[in-house]
Amino acid sequence: MTILTILHYPDSTLRKTSLLVDPKDATIPGLIADMFETLAIDGIGLAAPQVDVLKRVVVIDLGSDQDIPPFALINPEICWCSERTVPYSNGCLSLPGVYADVVRPEEIEVKYLDENFNQHHLKANDLLAVCIQHEIDHLDGKLFIDHLSKLKREVLIRKFVKKTQRSTELP
Ligand SMILES: [Zn+2]
């Protein structure tokens, strides 16, 4: 397994729409294994475009304090979401070090294929619903900062750029 390089904002690949995965695509099991390995270092969710692969694949690992074992979603699709919305703090491996509250539907239902291409239908709320919606956004070239007001987004980007400059200036 390989630890993959995560693309950071403003890489243009993060803005592209990922393609549906063909069940005959033999690269998928290896990609999923590498994505889990990469996610094990940090984070709770990772989408394939963040590792420069424009395919509709997501891995989620909420950690051992949650009751949900790590799982992969291929071609995920939200088929229902609640009218009720909630704010939830979002962070992103492609924008390390900055966080903001994003308002999203509180509850969702998602259809997806697992790594063996078996179909699943899952109802999710709380952190899992936030994470799935955040990752599916990546498959459509969207970042969590796009949900914020222009002013909030600009403040966050400035903060991110400053942090990045500071870390590259270190000896
Ligand atoms: Zn993200």
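The values are calculated or read from the model by the stated rules, or taken from the named source; none is laboratory data. Quick caveat, the model's predicted, so the values are computed rather than measured. Here Cβ is always computed from backbone atoms with ideal geometry, including for glycine, and neighbour counts include all displayed protein chains. Side chains included, ligands, DNA and RNA excluded: accessible areas come from the protein's heavy atoms. Shrake-Rupley method; radii C 1.70, N 1.55, O 1.52, S 1.80 Å.
For region 98-136, enumerate the residues that are within 21 Å of residue 28 (Cα to Cα) and open to solvent by 40 Å² or more (accessible area, probe 1.4 Å).
Scanning region 98-136 gives 111, 115, 116, 117, 118, 119, 120, 121.
So, in region 125-143, of the ones that are among the hydrophobic types (A, V, I, L, M, F, W, C) and closer than 21 Å to residue 11 by Cα, which residue ends up nearest to the ligand (Cβ to nearest atom)?
Residues of region 125-143 that are among the hydrophobic types (A, V, I, L, M, F, W, C), as a first pass: 127-132, 136, 139, 143.
Those still in the list that are closer than 21 Å to residue 11 by Cα too: 136, 139, 143.
Values: 136: 11, 139: 11, 143: 7 Å.
Only one residue fits best here, namely 143.
Could you figure out which of (1) over 23 Å from residue 15 (Cβ atoms); (2) open to solvent by less than 50 Å² (accessible area, probe 1.4 Å); (3) in contact (Cβ under 8 Å) with a residue 60 or more places away in the chain isn't true of residue 33?
Condition (3) is where residue 33 drops out.
Only residues that are part of a helix (DSSP H, G or I) and surrounded by fewer than 20 Cβ atoms within 10 Å (Cβ to Cβ): list them for region 36-91, please.
Those that are part of a helix (DSSP H, G or I) and surrounded by fewer than 20 Cβ atoms within 10 Å (Cβ to Cβ): 36, 37, 40, 41.
Among all residue pairs at least 6 apart or on different chains, which show Cβ distances below 7 Å where the first residue, located in region 85-113, is over 24 Å from residue 155 (Cα atoms) and touching a residue at least 24 places away in the same chain (Cβ under 8 Å) and the second is of a type outside the set (Val, Ile, Thr) and within 13 Å of the ligand (Cβ to nearest atom)?
Cβ pairs passing all conditions: 108/133.
In region 69-81, is there at least one residue being more than 13 Å from the ligand (Cβ to nearest atom), more than 21 Å from residue 17 (Cβ to Cβ) and under 15 Å from the mean Cα position of the chain (by Cα)?
Residues of region 69-81 more than 13 Å from the ligand (Cβ to nearest atom): 69-81.
Imposing the further condition that a residue be more than 21 Å from residue 17 (Cβ to Cβ) reduces the set to 69-71, 80.
Next, from what is left, pick out any that are under 15 Å from the mean Cα position of the chain (by Cα): 70-71.
Within region 69-81, one or more residues are more than 13 Å from the ligand (Cβ to nearest atom), more than 21 Å from residue 17 (Cβ to Cβ) and under 15 Å from the mean Cα position of the chain (by Cα).
Could you tell me whether residue 104 is within 14 Å of the ligand (Cβ to nearest atom), modelled with pLDDT of 95 or more and of a type outside the set (S, T, N, Q)?
Spelling it out, residue 104 is indeed within 14 Å of the ligand (Cβ to nearest atom), modelled with pLDDT of 95 or more and of a type outside the set (S, T, N, Q).
Is one or more of the residues making up region 149-165 buried (at least 16 other Cβ atoms within 10 Å of the Cβ), within 16 Å of the ligand (Cβ to nearest atom), without any contact (Cβ under 8 Å) to a residue 24 or more places away in the chain and not hydroxyl-bearing (Ser, Thr, Tyr)?
Yes, region 149-165 contains a residue that is buried (at least 16 other Cβ atoms within 10 Å of the Cβ), within 16 Å of the ligand (Cβ to nearest atom), without any contact (Cβ under 8 Å) to a residue 24 or more places away in the chain and not hydroxyl-bearing (Ser, Thr, Tyr).
Within region 49-58, track down each residue that is aliphatic (A, V, I, L, M) and within 12 Å of the ligand (Cβ to nearest atom).
Across region 49-58, the qualifying residues are 51, 58.
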